[in-house]
Amino acid sequence: MAVARVALEHEHRARREDRREVGAVERVATFDPGHWYEEHTDDVERIVVRGGRPLSGAVPIAGAKNSALKLMASALLAEGDHVLENVPRIVDVEIMSDLLVSMGVDVRRTDEHELTIRVPADVQPEAPYELVERMRASIVVLGPLLGRFGEAHIALPGGDDFGPRPIDMHVRGLEALGASFETSHGYVHARCDQLLGTRVLLEFPSVGATENVLMAAVRAKGTTVIENAAREPEIADLAAFLNRMGGQVVGAGSSTIVIEGVDELVPVRHRVIPDRVETATLLAAVGVAKGEVTLEGARPEHLDMLVQKLGDMGMRISPCSEGLWAAAPTRLRAVDVATLPYPGIATDYKPLFVALLSVAEGVGIVTENLFAGRFRYVDELVRMGADVRTEGHHAVVRGVERLSGAPVRAPDIRAGAALVVAGLGAEGETVVADAHHVARGYEDFGGKLRALGADVEWWHE
Ligand code: EPU
């Protein structure tokens, strides 16, 4: 391990120097020959939306960001060539690729939506600050690194727009399996000899903590039972991938997951599930802009609660042979919405609801139960004429007839997308600055909206 680590550190330094040559662009991996990634990490990207056009037509739904990232991390559990299909072309996937490459893994896009991940016998078990800072989801390499190599050094993510986002539940769960942790110089250092299966009771159904414990426990000795596990479809997808690799995981998608540890896992081919948040975003787009769309490949069974809520607001949504059909013929009615862990209304849908309620008839109260401080985009919507008041983790939204286009700033992925959605129903031009946030999570967002008839442009200056 030590020799491999020195060699990789040397290579890492060399890459750092390469990066300096390309100037402002932060890029570690030689992952994609195109300029796409560089374009989408540019701070002066803007999305320009001219509102007032109803949507119509069909667009495909991309693979789920929050599944693809975890599947890429869990590839670390087995030496050899893994193939992931339906991987979205988004910046967060590039960052996860950079992270794997920095560890000594070879990641290539072998087709537009296919990644081949070649994992060597040994890796440098470290997630450096420069990458963790750019994507907090980097923390999901912790479980697989501990499970396979017994060692992980992960830069501590700082606070961000959603508040502090600690990792105490990840740490407590992995400690229960026998890992020990210490922090120094902004890094958390984790070590273990042999992980031992045990009962892990999560204080809250955290998605990341469930995933890290699951990915470590597949290589533990004996049986692990995760109770109060997160139930998101992306966790069921991760378990399906691990089982295909030779793992023995039962119950993923429910709140009790039972994992029988195995000695070895093998590389496999797997298709990422469709992105339910992209689906929700396009549903909200039709809710605001009006019209009728088909979202190809969308999985209605992952969207039950959302479909019910949008139905209460007056949208018509139905499963169809292509995926999901949706129509919004008239102005929607206000409803109250509270975010909850899956199968509740996802926190990621919340800015979309605030955008929808901004132009709905009546008053809706939106309550955030997962993340502190996830209302920063509200000020931007108010600049567009929305009537929204926030207090603590509640927002009271009084619908207005029409928003008016204005220059606004995207504070994060989902809020950025919601501002674009709001712009679709606004009078005149909305210019969403810091659009690179949106590119982190949405593949060709502008292109898809244009294909549905919206007037949207993506500017790089
Ligand atoms: N939390 C703790 N301690 C922990 C872990 C979580 O206090 O050890 C708290 C968090 O601070 C937060 C809550 O528990 O208040 C929920 O966090 P969770 O761990 O469930 O979320 P996550 O794994 O960090 C994932 C998604 C988010 C999504 C949330 C909730 C990924 C990469 N991220 O985050 O998606 O909002 O689950 O569903 O899967 C996005 O895609 O834009 C995004 C932010």
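Computed with a 1.4 Å probe over protein heavy atoms only, the accessible area of residue 118 comes to about 130 Å². Positive-end ranking of 344, 302, 282 along the dipole of the range 266-425, with charges on Cβ about the Cα centre, is headed by 282. Of 318, 56, 74, the residue with the largest accessible area leads and the full order is 56, 318, 74 (1.4 Å probe). Its relative contact order, with pairs defined as Cα atoms under 8 Å and 6+ residues apart, puts the chain at 20 percent.
What do you get for the angle between helix 413-424 and the principal long axis of the chain? Use alpha-carbon atoms, 0 to 90 degrees, nearest ten. Rounded to the nearest ten degrees, it is 20.
Modelled label positions at residue 383 and residue 429, each set 7 Å beyond Cα in the direction of Cβ, lie 1.5 nm from each other. Projecting the Cα atoms of 173, 335, 123 onto the charge dipole of the chain, computed from C-beta unit charges around the Cα centre, puts 335 farthest toward the positive end. Whole-Hz Karplus values for the range 394-411 come out as 10, 10, 9, 10, 9, x, 10, 4, 7, 7, 10, x, 7, x, 9, 10, 7, x Hz, taken residue by residue from phi with 6.51 cos²θ - 1.76 cosθ + 1.60 and θ = phi - 60°; glycine and proline positions read x. Among the GluC sites (Glu not before Pro) within the range 61-122, which fall in a DSSP loop and have no more than 12 other Cβ atoms within 10 Å of their own Cβ? Here the GluC sites (Glu not before Pro) that fit, given the DSSP loop and packing criteria, are 112. Ordered by solvent-accessible area of protein heavy atoms (1.4 Å probe), largest first, the residues 320, 192 come out as 320, 192. Please check which bits of the range 172-196 a label hung off residue 255 would reach, taking the label as a point 7 Å along Cα-to-C-beta and the cut-off as backbone N under 19 Å. 173, by backbone N distance to the label point.
In the chain, helical runs assigned H by DSSP with n ≥ 4 each contribute -39500 (n - 2.57); averaged across all residues and rounded to the nearest 500, the mean residue ellipticity at 222 nm is -9500 deg cm²/dmol. Legend: calculated FRET efficiency, residue 304 to residue 376, from the Cβ-Cβ distance at R0 = 35 Å, rounded to 0.05, equals 0.75.
Taking all protein chains as they are arranged and a probe of 1.4 Å, the heavy atoms of residue 264 leave approximately 130 Å² accessible to solvent. Only protein atoms count toward the accessible area here, which uses a 1.4 Å probe; on the chain, the carbon and sulfur part of that area reaches 49 percent.
When 307, 91 are compared by accessible surface with a 1.4 Å probe, the order from highest to lowest is 307, 91.
Beta bridges assigned by DSSP with both partners in the chain are antiparallel in approximately 70 percent of cases. The long axis of helix 91-103 is offset from the longest Cα principal axis of the chain by roughly 10 degrees. Helix 2-21 and the longest principal axis of the Cα set of the chain meet at an angle near 40°. When the listed pairs 290/448; 290/350; 309/448; 65/448; 65/221 are checked against a 22 Å cut-off, the alpha-carbon distance exceeds it for 309/448; 65/221.
Remark on the range 350-409: ratio of C-alpha radius of gyration to 2.2 N^0.38 Å is 1.03. Computed over the range 360-461, the P(r) tail beyond 15 angstrom holds 64 percent of alpha carbon pairs. The heavy atoms of residue 204 present about 70 square angstrom of accessible area, all protein chains included, probe 1.4 Å. Around residue 59, with a cut-off of 11 angstrom between Cβ atoms, what is the net charge of the other residues, counting Lys and Arg +1 and Asp and Glu -1? Surrounding charge for residue 59 is -3. Looking at the chain, the accessible area is 38 square angstrom per residue; that uses a 1.4 Å probe and ignores ligands, DNA and RNA. Take the Cα radius of gyration of the chain and divide it by 2.2 N^0.38 Å, N being the number of residues; the result is 0.97. When all alpha carbon pairs of the range 126-264 are counted in 5 Å bins from zero, the resulting P(r) reads 2, 11, 22, 24, 20, 13, 6, 1, 0 %.
The values are calculated or read from the model by the stated rules, or taken from the named source; none is laboratory data. Computed from a predicted structure; not experimentally measured. Virtual Cβ from ideal backbone geometry, glycine too; neighbours counted across all protein chains shown. These accessible areas exclude ligands, DNA and RNA; they are computed on the full protein's heavy atoms, side chains included. Shrake-Rupley method; radii C 1.70, N 1.55, O 1.52, S 1.80 Å.
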